[in-house]
Each structure stands twice: as C-alpha cells, then as structure tokens.
Protein chains: 2
Amino acid sequence: MKAGLRELKRAGFKLTPQRRAILETLKSSGKHMSVEEIHEKVKTKCPHAGLATTYRTLDLLKELNLVTDINLGEEHKHYEWKRRHHYHLVCLECGDVVEFRSNFAIKIEKNVLKDYDFEITDRHVEFCGYCSRCAGGREG
Amino acid sequence: MKAGLRELKRAGFKLTPQRRAILETLKSSGKHMSVEEIHEKVKTKCPHAGLATTYRTLDLLKELNLVTDINLGEEHKHYEWKRRHHYHLVCLECGDVVEFRSNFAIKIEKNVLKDYDFEITDRHVEFCGYCSRCAGGREG
DNA sequence: ATAATAAATGAGAATAATTCTCAACTAGGG
DNA sequence: CCCTAGTTGAGAATTATTCTCATTTATTAT
Ligand SMILES: [Mn+2]
Ligand SMILES: [Mn+2]
Ligand SMILES: [Zn+2]
Ligand SMILES: [Zn+2]
C-alpha cells in the first residue's frame, strides 16, 4: 500500500476518495501548494469535494507528520509533502522559492539537541532576501 | 535621538505618540508579543489608540527592518524588536520559546550566499519540538 | 452480499485576524 | 501661528480558517 495511505490506515482513519485525492495531489505535485490550489486540483477528481474537507485532511496529514506547512509571507499557508528535510530561500522580489540543503543544517540541529537538550520534530526555516537574478537590479 | 525614532524620522515619517508608544513597548519588553498584547500595552499610554494603528505601525516598522514577525504556530502573528539575530526553539508541549544562537548559523548563511548567490535580509527560523522538561514525560 | 455503525463529508454559517475607508485630527516645516 | 500632507480612530469589509449538523459512506461483522 502506498505511502500516506498506509499511515492513515494504521492510525485507524478511513481511506476516503477525498483523502486519497488530496494525498495524491500533494505527493505528485512535489511543490508548495496553497489550500485553494490543492482544492482546485482535488475537484478534478472529486467534483463535489468540499473545501472544509481539504482543510481537515491537511490538518490530519500534519498530525501524522506526512506534510508540513510553510509560511511564504503570504496571507495564506502553503503545504508540501514531507520528503528529505530542507530549508527554503524565498526571494522577496520575484517570489521564487528555492529549496536549500546543507551539512551545516545537520550540525545546527545536533547543536540544538546537545546544547539545549531540545528534540526537534519539525522545522520552519525560511531565509528571505534576494535571489541572484533579483539582487543585481537592486543596487549593485 | 533613540533608535527607532531615528529611522522613522530619517525615512520621513512623523513621530506620533502612537508610534512612540508602540516602538517603546516592543523595545522595552524584549519579548515576542502579539498585536493584541502590544495594543493593550499601548493603550495604557494612549487610551484612545486604535487597533488599526498598531497594525499599520508594525507593518511600517517591518518595512524599516526594525522588527520581525515570527510564527509561533498560533493563529496570530507575534512581533519582536530586531536585535542580534537568532533563531527560535518552540516547544510543542508547553509553548515555551527559547532563543537560539550558534556559530553554525553564521556558516549556514555564508553557505546560502556562496552556493546559491542568495542575499539574506531576513530570517524566519523556528525549530519545533520538545524542550528538555517536556521531552521526558513523553516516552523516554 | 447485507446490515450496522462510527467516522467522514459538504454546505453554508460563524469566527477571528487583518485590512480598508474616510472624515477628523495633528506633527512639523515655514 | 498656519498650512498641509500625513496620520489616526471607528467601524465596516474582507479573507482565511473553523465549526455545525444533517446526510452519506468506508469498514467490519454477520
Ligand atoms: Mn519545499
Ligand atoms: Mn526571539
Ligand atoms: Zn528573485
Ligand atoms: Zn516544553
């Protein structure tokens, strides 16, 4: 059974078409999607799907640690399917979001555990600024 | 002239009592405050202060890079006066927020600049999980 | 397959944070 | 002191998200 469905079932939740659709949408897109975007996509599979169900399901998937929400500085949240963990670079000019990974990230987190005895279970890391394309036109 | 007021003035904004109060509130508290909390405090100085002004002023101070907003997973934002930059550890159990600083943080940011040619101007870094006190009672 | 049942859903109302509107007010320059 | 552009307060408006509840459905047991 596919990842995602497995965890839902294991935790005793029903595998409804809506849940399958939301799950599949997020997993296959591989991008950061707003609730509206997800819902629009889901409606192509389940035309009667209600928006509330999308909200409920995303909450559920977050509980189960299958998705994370990210704050891109917009008024609404975005969600993404949890894969290898990474941080985000958000360009304030063009809005582009780049995923970022570094060995220092791992060191930082070990640091947190050792020095603060703090056990990290989720990360919300966004570095905001200007991407290479946009930085030039600003002042340099 | 005090920090904050200086930047406001330099940018051509008027130094109203409301702006002074909001500024002073955030600076002196040194903590993360919600808009409501700030507004309550401000009203002890300016009883007629309107909530909209608090929102407007916080936006303004953010523009001027004097405050940052942080997302503590609650439904509303929190603000803090910008000092030496740091990251946050947020305990999902007791809600405690600890500030965190590390040499790796500096390295990671240099990393971002070199490898991605990305110029960081603001950070939103929250590591969520369990603090030492709360981690014990969970499973260990 | 059928029935029983708890869980899940959809529609729309309700809530809560934030933004907007606009007439009245005021800081600050001259 | 006067002028004026900038600022404010009150409340309406907007927007994202949550809630309510009657109806439907996935799952398990018969
Ligand atoms: Mn991502
Ligand atoms: Mn802080
Ligand atoms: Zn850019
Ligand atoms: Zn704790």
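The values are calculated or read from the model by the stated rules, or taken from the named source; none is laboratory data. Everything numeric here is computed off the predicted structure, so don't read it as measured data. Every residue, glycine as well, gets a Cβ built from its backbone with ideal geometry; the counts of neighbours run over all protein chains shown.
Here are the criteria: (1) over 21 Å from B:GLU7 (Cα atoms); (2) more than 10 Å from every other protein chain (Cβ to nearest Cβ); (3) more than 15 Å from the chain's Cα centre (by Cα). Tell me which single one B:LEU92 does not satisfy.
The number of the failed condition is (2).
Please list, ordered by residue number, the strands (runs of 3 or more DSSP E) wholly in the range A:60-122 having 2 or more residues that are in contact with a Cys (Cβ under 7 Å, 6 or more places away or on another chain) and surrounded by 17 or more Cβ atoms within 10 Å (Cβ to Cβ). Before the answer, list the steps.
Numbers: elements: A:67-70, A:78-81, A:87-91, A:97-100.
Ranges flagged: A:87-91.
Could you check the range B:1-21 and list, in sequence order, the residues that are under 22 Å from B:HIS86 (Cβ atoms) and surrounded by 17 or more Cβ atoms within 10 Å (Cβ to Cβ)? Write out each step before concluding.
Going residue by residue through the range B:1-21, those that are under 22 Å from B:HIS86 (Cβ atoms) are B:3-4, B:7.
Within the range B:1-21, just B:GLY4 meets the criteria.
Looking at B:TYR55, is it modelled with pLDDT of 95 or more, near DNA strand C (Cβ under 8 Å from one of its atoms) and farther than 18 Å from A:ARG123 by Cα?
Details: modelled with pLDDT of 95 or more: yes; near DNA strand C (Cβ under 8 Å from one of its atoms): yes; farther than 18 Å from A:ARG123 by Cα: yes.
Judged against the criteria, B:TYR55 is a match.
Given the conditions (1) within 12 Å of DNA strand D (Cβ to nearest atom); (2) touching a Ser or Thr at 6+ places or on another chain (Cβ under 7 Å); (3) closer than 29 Å to A:PHE100 by Cα, and given that A:THR57 satisfies all but one, which numbered condition is not satisfied?
Exception for A:THR57: condition (2).
May I ask you to list the residues in the range A:123-140 that are surrounded by 13 or more Cβ atoms within 10 Å (Cβ to Cβ) and of a type in the set (D, E, K, R)?
A:ARG123, A:GLU126
Looking at this structure, is A:GLY129 in a loop (DSSP other than H, G, I, E, B) and either closer than 25 Å to A:GLU36 by Cβ or at the interface with another protein chain (Cβ under 8 Å from one of its Cβ atoms) (or both)? Please lay out each step first, then the result.
On the way: in a loop (DSSP other than H, G, I, E, B): no; either closer than 25 Å to A:GLU36 by Cβ or at the interface with another protein chain (Cβ under 8 Å from one of its Cβ atoms) (or both): yes.
Judged against the criteria, A:GLY129 is not a match.
Here's the yes/no breakdown for (1) within 8 Å of chain B (Cβ to nearest Cβ); (2) free of Cβ contacts under 8 Å to residues at least 12 places away in the same chain; (3) within 16 Å of ligand 3 (Cβ to nearest atom); (4) among the hydrophobic types (A, V, I, L, M, F, W, C):
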site: A:HIS48; (1), (2), (3), (4): no, yes, no, no
site: A:ASP59; (1), (2), (3), (4): no, yes, no, no
site: A:ILE70; (1), (2), (3), (4): no, no, no, yes
site: A:PHE100; (1), (2), (3), (4): yes, no, yes, yes
site: A:ASN103; (1), (2), (3), (4): no, yes, no, no
site: A:ILE106; (1), (2), (3), (4): no, yes, no, yes
site: A:LYS114; (1), (2), (3), (4): no, yes, no, no
site: A:VAL125; (1), (2), (3), (4): yes, no, no, yes
site: A:GLY136; (1), (2), (3), (4): no, yes, yes, no
